[in-house]
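Undergrad: Here it is, the structure, as structure tokens.
The values are calculated or read from the model by the stated rules, or taken from the named source; none is laboratory data. Computed from a predicted structure; not experimentally measured. Reconstructed Cβ throughout: ideal geometry from the backbone, glycine too, with neighbour counts over all protein chains shown.
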Amino acid sequence: MGVQLLVGTRKGLFTIRGDDERRSFEVQGPYLKGWTINHAVSDPRDGVLYACTNNWVYGGTVHRSDDDGATWERSENLGLPEKSGLKLASTWHLEPGHTTEPGTLWLGGEPAVLFRSEDSGASWEVNEAVLEHETRARWEPGAGGLITHSITLDREDPKKLWIGISAAGVFRTEDGGATWKPANQGTEACFFPENRFPEVGQCVHKVLAHPGRAGRLWQQNHCGVYRSDDSGESWERLDLNGLPSGFGFALALDPSDPDTAFVIPEESAENRVTCDGRIGIYRTTDAGVSWKLIVVEEPAWAAVLREGMSFDDEAVYAGTQSGHVYALRDGEVVEAARHLPPILSVEAAPLQ
Amino acid sequence: MVVVLLPGLLATEAGGQKRFELDAATLNEALRALPVSSLILDERGEVRSLVHVYVDGERERDLAAPLTPAAQVRIVAAIAGG
């Protein structure tokens, strides 16, 4: 089966169709011209496309297409209640809901907000427990703003999910979002002068729950790569097991193997480019005990953002801020696209 | 009829229609009648800070401003970017 990559960029959405062998790719688009696409995803339940669309003049919203991008509908009335004193600044991540809850979507945005829709994005309800969280005063924005950028579901229990907020950390709910508990024990806030293991304030860059093993989470953080086997109650640091840097953004998992994960380390927080002057994706197949390099053999000082990497059974796909998309396997790197606008997100889905 | 003219992106979002003719006694009524009102006005009903509204060629910041029956409202996006 072929693959369809949804590639969100600073200047519209592109799709890339890859053949069965992942050696031939065709770029289509751009769609949603004029919009910055922080994230786009195909809902695995029904194939509907969703894009987190942002424009510096017209604000942030969501677009939806049920005809593979030919036409789009925009979510109306997406905003924050007046009592909060806040306004929605931008939308960052859309997560299709649990398989048992058709039409349900989760949406993360700035300033550190979460929405839920039960009608495929026609209307949205803000999550009050995140909006009014008791620790919110201790949250500080990262370079991208104070953003809810990660939303990851427990595949068994629709009431259980995790969110990642920069720089507040990971939070878990077990009651469908009524309450949220910080889940940061063991993750470092290395930028603090003291108390580097606080309850909240960690700069998580991406958190993903493995769909096949209950309680297993992976996290790329400002200060390391971590794994949890207890639903985020505690975290084990993994980047010291052979990664060139603990700093990075992108993270991808292999749905069929809970011990496999991919990261793209960057040199440092001060110099956010791929390590050693080339694009290097590091893969672990032993739950982070060791890491193996898959490299693009050409000089590059690239960067892959937090949504910029995705995996299917055939390859791992990475899109750079310099507009290149690569499909990588052991010993083989295929350039799937070049000279796109700066890439913000890549999501792989089976070609329909 | 009040005439409202939209810039390109808003016209695309309005189904390709750049020009609207509508009945509106105030600027607020005219903007709320548009299918892209949520892109011009934020969740408080205030004009987004980088959207500029002109009535008969003059910048208008007051949503309560009355419109004459022949008024022309032009929506302009602030110019900048990269």
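Undergrad: Hey, among A:133, A:98, A:93, which residue is part of a strand (DSSP E or B) and either touching a strand residue (DSSP E or B) at 6+ places or on another chain (Cβ under 9 Å) or modelled with pLDDT of 95 or more (or both)?
TA: A:93
Undergrad: Something else about it: Any residue in region A:209-216 that is closer than 22 Å to residue A:93 by Cβ, over 20 Å from the mean Cα position of the chain (by Cα) and surrounded by fewer than 17 Cβ atoms within 10 Å (Cβ to Cβ)?
TA: no
Undergrad: Out of region A:252-276, which residues are surrounded by fewer than 24 Cβ atoms within 10 Å (Cβ to Cβ), among the hydrophobic types (A, V, I, L, M, F, W, C) and under 21 Å from residue A:189 (Cβ atoms)?
TA: Across region A:252-276, the qualifying residue is only A:269.
Undergrad: Name the strands (runs of 3 or more DSSP E) wholly within region A:1-87 that hold at least 2 residues that are touching a Lys or Arg at 6+ places or on another chain (Cβ under 6 Å) and not hydrophobic (A, V, I, L, M, F, W, C)?
TA: A:59-65
Rundown of residues vs (1) part of a strand (DSSP E or B); (2) touching a Ser or Thr at 6+ places or on another chain (Cβ under 8 Å); (3) under 22 Å from residue A:89 (Cα atoms), yes/no style:
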| position | (1), (2), (3) |
| --- | --- |
| B:10 | no, no, yes |
| B:15 | no, no, no |
| B:21 | yes, no, no |
| B:29 | no, no, no |
| B:45 | no, no, yes |
| B:49 | no, no, yes |
| B:54 | yes, no, no |
| B:68 | no, no, no |
| B:75 | yes, no, yes |
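Undergrad: Oh, and also: Say whether the condition of being part of a loop (DSSP other than H, G, I, E, B), touching a Leu at 6+ places or on another chain (Cβ under 6 Å) and farther than 26 Å from residue A:210 by Cβ is met by at least one residue in region A:109-119.
TA: yes
Undergrad: When residue B:80 is evaluated against the numbered criteria (1) surrounded by fewer than 17 Cβ atoms within 10 Å (Cβ to Cβ); (2) away from chain A (no Cβ under 14 Å); (3) not aromatic (Phe, Trp, Tyr), which criterion, by number, is the only one it fails?
TA: Of (1) surrounded by fewer than 17 Cβ atoms within 10 Å (Cβ to Cβ); (2) away from chain A (no Cβ under 14 Å); (3) not aromatic (Phe, Trp, Tyr), only one is false for residue B:80: (2).
Undergrad: Out of the residues in region A:46-65 that are among the small types (Gly, Ala, Ser) and within 12 Å of another protein chain (Cβ to nearest Cβ), which is surrounded by the fewest Cβ atoms within 10 Å (Cβ to Cβ)?
TA: Among those residues, the one meeting the criterion is A:60.
Undergrad: Then there's this: Identify, from the list B:70, B:33, B:24, B:64, the residue that is of a type outside the set (Val, Ile, Thr), buried (at least 17 other Cβ atoms within 10 Å of the Cβ) and more than 9 Å from chain A (Cβ to nearest Cβ).
TA: B:24
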